[in-house]
1. Under a point-charge model restricted to the Cβ atoms of Lys and Arg (+1) and Asp and Glu (-1), what is the dipole moment magnitude of the range 1-110 relative to its Cα centre, in debye to the nearest 20?
2. Hey, could you pull the Cα Rg and Dmax for the range 7-77, both in Å?
3. Which residue, 164, 65, 109, has the largest displacement toward the positive end of the dipole of the chain when charges sit on each Cβ (Lys, Arg +1; Asp, Glu -1)?
4. Could you work out the local net charge near residue 66, counting Lys and Arg as +1, Asp and Glu as -1, over the other residues with Cβ closer than 11 Å to its Cβ?
5. Would you calculate the separation in nanometres between label points at residue 166 and residue 76, each defined as 7 Å from the Cα along the Cα-to-beta-carbon direction?
6. Assuming 0.36 nm per residue, please report the length gained on full extension of the stretch residue 197 to residue 107 beyond their Cα-Cα distance.
7. Per DSSP H run of n ≥ 4, the term is -39500 (n - 2.57); total these for the chain, divide by its residue number, and report the mean residue ellipticity at 222 nm rounded to 500 deg cm²/dmol.
8. When the expected Rg is taken as 2.2 N^0.38 Å, what fraction or multiple of it is the alpha-carbon Rg of the chain?
Amino acid sequence: MTKTAQKKVFTVAMTGASGAIYGVKLVQALLKEGHTVHFLLTGAAWQVLYYELNMDISDKEKCLTDLFGGHSNFHYHTQQDFSAPIASGSAKSDGMIIIPCSMGTLAKISQGISSNLLERAADVVLKERRKLVIVPRETPLSSIHLENMKRISDLGGIVVPAMPGFYHNPESMDELVIFMVGKVLDQIGVSHDLFKRWGGSTS
């Protein structure tokens, strides 16, 4: 009998940094495998969806349905909904991914500032010693940015910069995006076959 892979619960947040497609593809990959996703978008992230993916954000509910379908394991939360389960460490969680992560959000999390649900959820993940994966998308990086990334790492978080590899000979932008999504899935313990690994295997 084949053992069924354990379904997990993740929080995925998108900020106003460039690279909205990374977050979208990650959520789609998690939902496809049956995992539960609690989803957060900052106000700036909605704008990036408009500018980078040409999404009509006038009807946010329709926008989310167009992107992620009507999955029962997809839960969208607004930034001030502190009654959401992800605001408390007592709720079940296998980790949180902020993809892409702006330098402003990174700075607040590194200093323990919780002015919205995204920042509170990240604070909860850190205090409960669960996995926090941050995918920053900025260049060049100032000493402030680097110091904040080091602080997150020192606190137990994982920093996965949006730096796709080229050793798999990508032929499209989508392959570069999927490569980064696969790297994030590796960090949160979700199996996938999104890219060929060094040496030729996909598992």
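The values are calculated or read from the model by the stated rules, or taken from the named source; none is laboratory data. Bear in mind the structure is a predicted one, so any value in this text is a computation, not a measurement. Cβ atoms come from the backbone with ideal geometry, glycine included; neighbour counts cover every protein chain shown. For the accessible areas, the whole protein counts, side chains as well, though only heavy atoms, and no ligand, DNA or RNA atoms are used. Shrake-Rupley method; radii C 1.70, N 1.55, O 1.52, S 1.80 Å.
1. Charge dipole, the range 1-110, about its Cα centre: 420 debye, nearest 20.
2. 11.4, 33
3. 109
4. Overall, the nearby charge balance is -1.
5. So the two model labels end up 3.7 nm from each other.
6. 29.1 nm
7. -12000 deg cm²/dmol
8. Here the Cα radius of gyration is 0.99 times the empirical estimate.
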